[in-house]
Every structure is written in C-alpha cells, then in structure tokens.
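Some notes on the structure that comes next.
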Ligand SMILES: *Cc1c(COP(=O)(O)O)cnc(C)c1O
C-alpha cells in the first residue's frame, strides 16, 4: 500500500482488475479520441488557467473546511466538514462539468449531451453549457422526468433540451443507452459529459482528476488549521463514486489515512430494496467498464433502491471497486432511516441541512469508533434544498 500508482488507473485503463473500455465498436472513435488527448489537455497551461479561474470565480472554490464543534462534541472526535454543499448549483458535481466543458472546447466540440437520473448531473451540465453558450441535450428516463419535475424545469430554464427516454424501464439506464446512441450518430461535433467516475476509460480517471481538487484543498486547509495535512479518516458517500474519488484522491498513497466509503443500504442491505453494491454485488460489466454491480444469478442488472436519488445506482465506478478489492478503503452501508436521522441531526446541531446523499456519510460516523484526538474529514457532497420534499415526507424532526 505504498505507491499511488497501485490505486490510480494504469496505461491500459485498469484499476487492478477493474475498469477498461467495454464499448460497442461504433463508439470506439469517440472514446479513443478522448483517451488520446485527455491528459495532454488536462495538463496544458491553458486548461489549468481556465479551470482554476472558473473554480474560483464561478463555482466558489476553495470551499471551506469547517470544524463542526457541536457534532465533534457529540461524536467524541474532531469532525471537519468539507463544504461541497456551498458550490454553485449546490453540490460537487459542477467541479466535473466545468472541467468537461473546457475539455469539450479544447476538443473543438460544439454540442454537449448528458444523461441524468434524478436531474442533478443534468442541471450541472446545463449550467456550464449556458456559461459557454453550447447546445445541450440531456437524456432522462420518462419516469424520472415525472418524478423530478423541478430539475426538468431548471434544465429548461438554463436553456437545455430535455429528451425523455421512452424505452425499457424509462429510467437512468435507458437514458444512458439513448445518450450513447446519440453519440454514435454524432461523433464529430458532440462531447458526452458523464457525471461520475463511471463509464469506459478514460472517463473514470478524467472525472477523478477533475474532482481531485477536493482533497487538494483538504490537505492545504488541514495543514493550515492543525499543522498536519493528514487526517485519521476521510469519509464520503458513494453513488458512482465521484465525490468520494475527489475526497480520497490525494490521500490514496498515505496509508495512515483511513478511507471510508459509504453506500446506501436503502431499507436494509438484505431487504431486496438497497443500493449497497459492495455488500451485494459481483464483478461484471456496467456502462462500459468492468466493475462491481448488483445482478441476478444470470447476470441481469438488479434495480437499485435508495431514498436518495444520487446513491440509487446499481454499481460503483472501477476506482472504488479496486479500493474495495484491495481493502484500501472500508465500505459501510447506511439505511434510509439512519441517513434521514443524521440529516436532521446535522440540521439541528450545526445549522446545515445536508443532501440526503451526504447524510449517509454523516450517519456512518455512528458506526465508527474514534479516539478523542482523531481528525475526521467528512465530505459534505451537497446541500439539502433539493431534498426538502423528502425531509417533509419523512417527518421525524
Ligand atoms: C450525485 C450526488 C452524489 C453521488 O454521486 P457520486 O458520483 O457518488 O459522488 C452524492 N452527493 C450528492 C449531493 C449528489 O448530488
């Protein structure tokens, strides 16, 4: 566990046994173009200048690292919250879409497509397309467009076209299929912005690098506040895994820093209504990469469930599949009930209403044993405004 190279992607697009690029031949030219150019573009002075400028003046970075005093007292350790909830649009997702819109421009692409489930990634994509004046089409399962009306309206207000996916179960997986089909038919002028550390290589690595600004800042901020840039724990929730990848990235090769990934147990890991991928899943291929996913005996993807839309995904990215497989990170699971309680608790204890996704990470602290001088960083991936309806329905506050 000494070299970072063990945990980041290798030259063939693999994290240990996971990753790769399992795509239809028709998609190969698009993905290959990106693979050939992404590192050179990400590392170019021009990209870095524009990206850092937008992160600062548009997204509002650096986000604060906040010592949550009352929560620390409750838990008997020093709990720091990385405030991604204060990013423009209310979550970490915009770190990635700002980077990918600059990538699209550098590749000379004029149009953007994206898929979205609950609509959060669609909104973050529509936002940066408005910012750059690029055409934006977001595919969204028809069922999801009904369940997530406000986000559909947000995307439209931002100038994007929302195309309902009418095939299959009319949810995220069908939206992804239709976005892929669109990309195959429009390879020359279109960039596909994927919203998490999932998809064929190089997407997981590109998205992880764009989110890595989170742990870069944590190191600097902890150093300033405590004199030591290494905490004892970094804790983050995992849907596909992008906020966790960003929070873990610059700690991967620091074995003294324990990484804790938190999945959604839904109504209970073994209730049949869950999204606890590492507890329930097996290796397989999902959305273009080899990873761990929930599946039936004969390999059909199982429908996931979580009260939080952002964690309601049947797999995890290959980055996390490898962290799990190699035991570099611990994986915990938190039920709907426990997450909601942790969300209410943070609201009342610190005056911060968290996204229900982030509340899963907060709840996991209850399952952990701390020493009083432990330094624990929780990545607060988003704010709870979008979840007010769910809080109201759940009640209990
Ligand atoms: C989308 C989302 C997540 C889950 O996505 P990851 O790629 O796993 O980070 C977590 N928290 C919030 C607030 C989200 O919007």
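Entry remark, the stretch 359-387: residues being farther than 18 Å from residue 76 by Cα and either outside the structural domain of residue 82 (by TED's automatic domain parsing) or in a strand (DSSP E or B) (or both) number 4 in total. Scanning the stretch 316-327 for residues that are in a loop (DSSP other than H, G, I, E, B) and closer than 19 Å to residue 264 by Cβ gives 316, 317. Could you list all residues from the stretch 215-255 that are near the ligand (Cβ under 10 Å from one of its atoms) and either part of a loop (DSSP other than H, G, I, E, B) or in contact with a strand residue (DSSP E or B) (Cβ under 7 Å, 6 or more places away or on another chain) (or both)? 236, 237, 238, 239, 240, 241, 243, 244, 247, listed by residue number.
When the strands (runs of 3 or more DSSP E) confined to the stretch 256-315 are screened for residues that are within 15 Å of the ligand (Cβ to nearest atom), those reaching at least 3 such residues are found at 258-266, 289-293.
Number of residues in the stretch 90-113 that are crowded, with 22+ Cβ neighbours inside 10 Å and within 12 Å of the ligand (Cβ to nearest atom): the value is 7.
Yes or no, residue by residue, for (1) in the same structural domain as residue 383 (by TED's automatic domain parsing); (2) in contact (Cβ under 8 Å) with a residue 12 or more places away in the chain; (3) more than 19 Å from the chain's Cα centre (by Cα):
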residue	(1), (2), (3)
8	no, yes, no
15	no, yes, no
26	no, yes, yes
29	no, yes, yes
38	no, yes, yes
41	no, yes, yes
44	no, yes, yes
66	yes, yes, yes
72	yes, no, yes
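Counting the residues of the stretch 305-318 that are crowded, with 24+ Cβ neighbours inside 10 Å and more than 16 Å from the chain's Cα centre (by Cα) gives 1. Does residue 216 satisfy being in the same structural domain as residue 380 (by TED's automatic domain parsing) and either crowded, with 24+ Cβ neighbours inside 10 Å or touching a helix residue (DSSP H, G or I) at 6+ places or on another chain (Cβ under 6 Å) (or both)? Judged against the criteria, residue 216 is a match.
The values are calculated or read from the model by the stated rules, or taken from the named source; none is laboratory data. For clarity, every value in this text was computed on a predicted model and none was experimentally measured. A quick note on method: Cβ atoms are made from the backbone with ideal geometry, for glycine too, and the neighbour counts reach across all protein chains shown.
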